[in-house]
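The values are calculated or read from the model by the stated rules, or taken from the named source; none is laboratory data. Fair warning: this is a prediction, and the values are worked out from it, not measured in the lab. Cβ: placed from backbone, ideal geometry, glycine included. Neighbour counts: every protein chain shown. We work out accessible area using only protein heavy atoms, side chains counted, and drop any ligands, DNA or RNA first. Shrake-Rupley method; radii C 1.70, N 1.55, O 1.52, S 1.80 Å.
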Amino acid sequence: MNPLDNAIAQLENAAKKLGLKPSVLRSLKKPKKVIKKKLQIVLDNGKKKVYQAYRVQHNNWRGPFKGGIRFHPESNINEVKALALWMAIKTAVANIPVGGGKGGIEVNPKELSKTELERLSRAWAKAMHKYIGPKIDVPAPDVYTTPEIMAWMNDEYMKLTGQKNKGTFTGKPLNQGGSKGRDVATAQGGFYILQDLVKTYKLKKPSIAIQGFGNAGMTMAQLCYRAGYKVVAVTDSKGGVLNARGLNIDKVVKHKETNGKLKNFPGSKAISNKQILELNVDVLIPAALDNQITIKNAKNVQADIVMELANGPTSNQADMVLFKKGILVIPDVLANAGGVIVSYFEMVQNAKNVYWSKSEVLSKLKEKILLSWQQVYQEAVKNDVNLRTGAYMIALNRLLKAKK
Ligand code: GLU
């Protein structure tokens, strides 16, 4: 399923429940601005290469557009539009005063040298600098973008505009105005919700499978492992590893650092990115890309809980199948909101030029995300809908209130 169709279907489910007028629904569906730019950089071999870049500004009724920039070979305008819409919902669910946007470059960053990556990152900031700023649109990291990339972009932006406030980008390195805790925030937010579920359902040493071993997936694996949960399988883009008795995640992380991949971790069996979704575990955590659980494989999902750390991993049709099977899906717009919540904290710290300790950041994050979780749960129960539709209903109400 095309991610944009999926995002719109999810939005429509909630709009229907709320009885929104077609004109209102249209204004929620449509991005405010779509910016497409070609970026030309000089490669290390002296040749020139052009890359397609995007920024989609979906909605700013509640505050400046906010959302990451993705560097991925399969990045495309439909995906960026979907991701921007999801950001608008997510920031409203989290109740932080920012809106939704997203950016991207169609590139495989693994094929670039560090200097090429820097040139490309600076080129993105240069092409987009007129459209962004602390009160206009605040980008951040996403798939395959890092604090270092944010530092290059922010530096380029500040040079071009003479702007002194560092808050045009979030997810920056700590010595460049970053916030403590931002690096772990996406997983940490989901983990607070997971801890609550483990307590509520009295799960003893829950078994966990995690698809994706980037910032979100790897940090989640570490948090689960340290909490004494049994992480039985993890995968990265090349496939992954399974050990039914539980993986030692500290050792898995070291193995990945030395070998560049998870495969062949001693004492484990190989598992594919497809197979991991169908494991018989308590909690399945998709933490990679969109459109992983679809109408084709939803019936094979055996987990009791699906926690969406990725954006858009479950298609709208698959959602219905999981709901009927009684699987509890913690939707992306809630489960992975920790990242943007701490990004917002970073904006606040940049504006005041006052910096908080990690424990301060994390306790504020915990309070915020657990409150959203409680609200989403109650909304879903009250309206007899799944958690995703409950989350969207809350978000749409908040968006419309801001518009008024
Ligand atoms: N890219 C992250 C997300 O999808 C974080 C966005 C942000 O911090 O602005 O939520």
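Here are the numbers for the structure shown:
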item	result
Residue-averaged [θ]222 nm for the chain, counting only DSSP H segments that reach four residues, each worth -39500 (n - 2.57)	-14500 deg cm²/dmol
Whether segment 182-305 is rounded, prolate or oblate, judged on the alpha carbon gyration tensor where a/c under 1.5 counts as rounded	rounded
Peptide ranges 61-74, 24-37 listed from the most packed, as the mean C-beta count within 10 angstrom indicates	61-74, 24-37
Fraction of beta bridges assigned by DSSP in segment 12-152 that are antiparallel (%, nearest 5)	65
FRET efficiency, 1/(1 + (r/R0)^6) with R0 35 Å, evaluated for K130 and M320 via beta carbons	0.25
Size descriptor, Kirkwood hydrodynamic radius, that averages inverse alpha-carbon separations across segment 303-371, Å	13.9
Percent carbon-and-sulfur accessible area, the chain, ignoring ligands, DNA and RNA, probe 1.4 Å	51
Accessible area expressed per residue, the chain, with surrounding protein chains retained (probe 1.4 Å, Å²)	43
Extension reserve of the N45-K254 stretch, reckoned as 0.36 nm per residue once the Cα distance is removed	71.9 nm
DSSP H segments from the chain that extend 30 Å or more along their own axis, Cα-based, with Kyte-Doolittle mean of -1.0 or above	358-383
Extension gain from K33 to Q163, taking 0.36 nm per residue of separation minus the Cα-Cα distance	44.5 nm
Overall form of segment 6-50 per C-alpha gyration tensor (a/c, 1.5; a/b vs b/c)	prolate
Residue with peak Gaussian network fluctuation, the chain [Cα springs, cutoff 10 Å], from M150, M220, M128	M128
Hypothetical label at K205: residues of segment 231-257 whose amide nitrogen lies under 19 Å (7 Å Cα-Cβ projection)	231-234, 242-252
Among M320, M153, M307, residue whose mean-square fluctuation peaks in a GNM of the chain (springs only between Cα atoms under 10 Å)	M320
Cα-based shape type of segment 253-404, given that a ≥ b ≥ c are square roots of the gyration tensor eigenvalues and the cut on a/c is 1.5	oblate
Gaussian network model of the chain, Cα within-10 Å springs - most flexible of V329, V42, V93	V42
